[in-house]
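A quick write-up on the structure given underneath.
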Amino acid sequence: MDLCGFVSTDTVTVGVWGLGINDYKNKATNFIISPNPSNGFVTINVNKAGSYQIFVRDLLGKTVGTSFTQQGLSFQNNTPLNSGVYIIELANTNTNEKYIKKLVVQ
């Protein structure tokens, strides 16, 4: 209530998303990481048309690797990742669509 006794209301829209064990069903097949869990070497296959930048990030958000790929091509890292949990992000270089999955390295 303000000084004149009127009640004001505001509308707030909040969008919340998280990264959990289950990926969003409509985006789960846009790229495949195998094997997952991994021994440090992985292959990423992209199923959706476009050119993509790949970001490999640790759980603190630090980028530990980047590369480029496109539909129909496989990316395979040459340097093994250390044990831990990583976030793999594919960013479409034309549309800025992003797809995220979790990678476990044993």
### Task
Write out, first by first residue and then by second, each pair whose Cβ atoms fall under 9 Å of each other, whose residues are 6+ apart or on separate chains, and whose first residue, in the stretch 54-65, is part of a loop (DSSP other than H, G, I, E, B) while the second is at pLDDT 90 or above.
Leu59/Gly84; Leu59/Val85; Leu59/Tyr86; Leu59/Ile87; Gly61/Ile87
### Task
Just name the residue that is surrounded by the fewest Cβ atoms within 10 Å (Cβ to Cβ) out of those in the stretch 65-100 that are hydrophobic (A, V, I, L, M, F, W, C) and more than 15 Å from Ile33 (Cβ to Cβ).
Phe68
### Task
Out of the residues in the stretch 66-106 that are out of contact with any Leu (no Cβ under 9 Å at 6 or more places or on another chain), in a strand (DSSP E or B) and not polar (S, T, N, Q), state the one that is farthest from Gly50 (Cα to Cα).
Val104
### Task
Within the stretch 31-53, track down each residue that is among the basic types (Lys, Arg) and in contact (Cβ under 8 Å) with a residue 60 or more places away in the chain.
none
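The values are calculated or read from the model by the stated rules, or taken from the named source; none is laboratory data. Bear in mind the structure is a predicted one, so any value in this text is a computation, not a measurement. Quick reminder, even Gly has a Cβ in these numbers, built from the backbone with ideal geometry, and neighbours come from all protein chains shown.
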